[in-house]
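The values are calculated or read from the model by the stated rules, or taken from the named source; none is laboratory data. Given the structure is predicted, the values throughout are model-derived calculations rather than measurements. All Cβ positions, even for glycine, are placed from backbone atoms using ideal geometry, and neighbour counts span all protein chains on display. Accessible surface is based on the protein model in full, side chains and every heavy atom, while ligands, DNA and RNA are left aside. Shrake-Rupley method; radii C 1.70, N 1.55, O 1.52, S 1.80 Å.
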Amino acid sequence: CSRWEEEKKEDGVKWMQLEHRGPYFVPLYEPLPEDVRFYYDGKPLKLSLATEEIATFYAKMLDHEYTTKEIFQNNFFHDWRKEMSPEEQVIIKDLDKCDFREIHKYFVDKNEARKALPKEEKQKLKEEADKIQEEYGYCILDGHREKIGNFKTEPPGLFRGRGEHPKMGMLKKRIMPEDVIINCSRDSKIPEPPEGHKWKEVRFDNTVTWLASWTENIQNTLKYIMLNPSSKLKGEKDWEKYEVARRLKGVVHTIRAQYRKDWKSKEIKKRQRAVALYFIDKLALRAGNEKEEGETADTVGCCSLRVEHIQLHPRLDGQEHVVEFDFLGKDSIRYCNKVSVERPVFQNLQLFMKNKDPTDDLFDQLTTTFLNKHLQHLMDGLTAKVFRTYNASVTLQEQLKALTNPEDNVAGKLLSYNRANRAVAILCNHQRSIPKTFARSMEVLQEKIDAKKKQVEEAQEEVKKAEDEFKDTKDAKAEVIVEKKKKLLNRLEEQLSRLKVQATDKEENKQIALGTSKLNYLDPRISVAWCKKFGVPIEKIFNKTQREKFAWAIDMAGEDFEF
């Protein structure tokens with residue numbers, strides 16, 4: 001039996017044996033050399049160790065957009081002053097008088113020097129990192145040696161957050177052993193805390209899968225050390241996620257019929273639920289949770305949409321009943337979309353928006369909890385999130401069927417695969433900002449294409465010359481030369497077409513992030529089956545990390561797998 005199908009444990013129990021070394025704590029602060037100085041109001045000022053360390057966090061970020069933002073500067077300065085000595089607090093009163101440039105330069109130079117190290121030195125550093133990975137990066141779970149995901153504590157620094165986060169610039173404190181709860185099995189060798197320290201607590205809870213946890217000081221949320229995605233526990237959870245989405249396939253028609261009926265319900269609450277569900281299903285919107293104000297950036301999902309986030313157009317660009325969305329979703333990624341909806345949906349939205357202010361909730365009677373309870377009632381294990389997984393995977397499968405040409409070469413098939421993946425990323429609104437290096441790397445590619453075109457033209461000339469030669473002499477040797485030259489021409493044309501495909505792919509992909517959906521929303525068995533069916537090597541689709549994470553799918557899926 002494979003490791004994916006070992007005996008199931010009783011409900012709630014995740015493991016019988018768990019042994020590990022505890023987290024690896026990032027090294028302590030190393031003071032700056034004497035000749036690297038901080039200046040206040042134009043004069044050098046020697047800082048106490050704690051104050052200097054925090055100054056380096058800001059200095060390292062000088063060339064970053066964050067340090068130009070007022071909210072970042074204010075949060076940083078407020079937190080920094082709290083950590084200063086009384087003498088420093090008297091002197092340092094104004095961030096504008098602080099000069100971090102020398103410290104910044106020191107770290108830039110240090111970085112450059114590290115990049116320029118000779119190969120042997122780099123190899124030495126890599127070996128040291130590997131040693132730490134060997135020692136702290138694995139645990140024993142039910143007799144298997146499993147890789148740990150994030151075995152290092154996060155280093156202290158300044159909080160960044162996504163988008164316009166109200167807490168950006170605040171001080172992220174160093175995690176100490178005294179902050180950490182260890183979780184392992186009673187009979188295991190309990191991890192030793194670093195010398196002179198003790199753990200906050202050691203517990204033996206086999207209903208959870210984390211190995212250690214602590215509370216971070218900015219959002220007061222719990223952070224966990226978890227197993228690597230390639231581990232058996234995570235693999236099983238991943239597999240279950242897609243199995244739930246596959247079960248939705250069987251009942252989705254009933255659910256759709258139900259919410260369409262509810263558009264005409266006598267209860268406004270049910271109507272709101274039905275319209276929200278239509279958006280979640282049709283547009284793959286996230287459900288959206290209620291959030292504390294001022295704790296995070298102002299982002300919303302479907303249930304938390306406000307009136308200001310949509311505009312209704314009876315007619316727009318030749319379409320009827322158009323809803324125009326414009327809001328910031330998870331991680332402050334902007335969602336802009338114009339969608340033609342069915343008439344009852346449009347009429348309901350008009351009703352929900354009546355007599356409301358722009359900042360009022362669109363679905364004022366709806367909570368994510370209420371929505372998910374209803375979904376659970378329709379199918380065991382169903383939540384709003386499952387629709388995103390389901391629609392993403394179905395889209396990939398349909399697009400692959402529509403786009404793949406079995407006659408294409410591997411490069412052509414890969415372009416079709418990436419186009420199918422792009423359709424999913426667009427559905428899920430997975431964007432990225434155009435990479436800084438994009439224009440340059442596109443130029444390089446274009447230069448390669450031009451050079452290759454020239455080679456092809458020259459090879460065409462050569463073939464023509466050889467053919468003329470053969471016509472004149474009818475010599476066997478000349479015939480061999482013709483064949484040779486033709487072969488070369490074919491090879492060059494193939495290379496040119498590969499480069500052209502690459503350029504098309506790159507251009508179409510510049511603002512789209514494919515990785516998120518590949519890792520989190522697409523049943524990997526669809527891709528594995530496609531590779532097997534069309535003779536595409538799996539490593540062209542999944543890199544090493546992804547192949548480890550999806551080992552279960554590579555084992556299980558044959559070329560006939562249907563989501």
Checklist entry - How large is the charge dipole for region 347-399, taken about the Cα centre, if only the Cβ atoms of Lys, Arg (+1) and Asp, Glu (-1) carry charge, to the nearest 20 debye? => result 80 debye
Next on the checklist: At 1.4 Å probe size, what's the solvent-accessible area of Asp317? Round to the nearest 10 Å².
Outcome noted: 130 Å²
Next on the checklist: Over region 1-156, with the other protein chains present, what is the accessible area per residue in square angstrom, probe 1.4 angstrom?
Outcome noted: 64 Å²
Item to check | Cross-link reach list, lysines versus Lys338, counting only Cα pairs under 20 Å and skipping chain neighbours closer than eight places | outcome: Lys282, Lys330
Next on the checklist: Are there DSSP H segments in the chain that both extend 18 Å or more along their axis (alpha-carbon positions) and score a mean Kyte-Doolittle hydropathy of at least -1.0? List them, or say none.
Outcome noted: 268-283, 384-403, 410-427, 476-508
Checklist entry - With every protein chain kept in the model, how would you rank Phe72, Phe370 by accessible area, 1.4 Å probe, largest at the top? => result Phe370, Phe72
Checklist entry - Tally Lys and Arg at +1 and Asp and Glu at -1 over the other residues with C-beta under 11 Å from the C-beta of Gln399: what net charge comes out? => result +2
Checklist outcome for this item: For Lys93 the rounded accessible area (nearest 10 Å², probe 1.4 Å, non-protein molecules ignored) is 130 Å²
Checklist entry - Which percent of the accessible heavy-atom area of region 1-130 goes to carbon and sulfur, probe 1.4 angstrom? => result 52 percent
Next on the checklist: Could you tell me the relative contact order of region 38-120? Use alpha-carbon pairs under 8 Å, at least six residues apart, and round to a whole percent.
Outcome noted: 47 percent
Checklist entry - Exactly which GluC sites (Glu not before Pro) in region 489-563 are in a DSSP loop and have at most 12 other Cβ atoms within 10 Å? => result Glu559, Glu562
Checklist entry - Which shape class applies to region 432-563: rounded if a/c is under 1.5, otherwise prolate when a/b exceeds b/c and oblate if not, where a ≥ b ≥ c are the square roots of the Cα gyration tensor eigenvalues? => result oblate
Item to check | Euclidean distance of C-alpha centroids, region 309-357 and region 392-463, integer Å | outcome: 33 Å
Item to check | Flagged links, alpha-carbon separation over 19 Å, of Lys464/Lys500; Lys237/Lys413; Lys518/Lys540; Lys413/Lys540; Lys385/Lys518; Lys249/Lys544 | outcome: Lys464/Lys500; Lys237/Lys413; Lys249/Lys544
Checklist entry - How big is the accessible area of Asp450 in square angstrom, nearest 10, if you roll a 1.4 angstrom probe over the protein chains? => result 80 Å²
Checklist entry - In terms of Cα to Cα distance under 20 Å, which aspartates and glutamates are near enough to Lys43, apart from those fewer than 8 places away along the same chain? => result Glu34, Asp35, Glu52, Glu53, Glu87, Glu88, Asp94, Asp96, Asp99, Glu102
Checklist outcome for this item: Here the relative contact order (percent) of the chain, from C-alpha pairs under 8 Å and at least 6 apart, is 12 percent
Item to check | Solvent exposure, largest accessible area first (probe 1.4 Å, DNA, RNA and ligands not counted), of Thr437, Thr516 | outcome: Thr437, Thr516
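So what is the relative contact order for region 392-556, in percent, with contacts set as C-alpha pairs under 8 Å and at least six apart?
It rounds to 33 percent for region 392-556.
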Checklist outcome for this item: Given the candidates Leu403, Ala392, Phe325, the one whose Cα lies deepest towards the positive end of the charge dipole of region 296-426, counting +1 at each Lys or Arg C-beta and -1 at each Asp or Glu C-beta, is Leu403
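For every helix of n ≥ 4 consecutive DSSP H residues, a contribution of -39,500 (n - 2.57) applies; sum these over the chain, divide by its total residues, and give [θ] at 222 nm rounded to the nearest 500 deg cm²/dmol.
One gets -16000 deg cm²/dmol as the mean residue ellipticity at 222 nm.
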Checklist entry - Per residue, how many Å² of accessible area does region 392-556 show with a 1.4 Å probe? => result 58 Å²
Checklist entry - Dipole size in debye (nearest 20) for region 38-120 around its Cα centre, Lys and Arg Cβ +1, Asp and Glu Cβ -1? => result 220 debye
Checklist outcome for this item: Heavy-atom accessible area with a 1.4 angstrom probe orders Asp364, Asp179, Asp99, most exposed first, as Asp364, Asp179, Asp99
Checklist entry - Carbon and sulfur together cover what percent of the accessible area of region 392-556 at a 1.4 Å probe radius? => result 51 percent
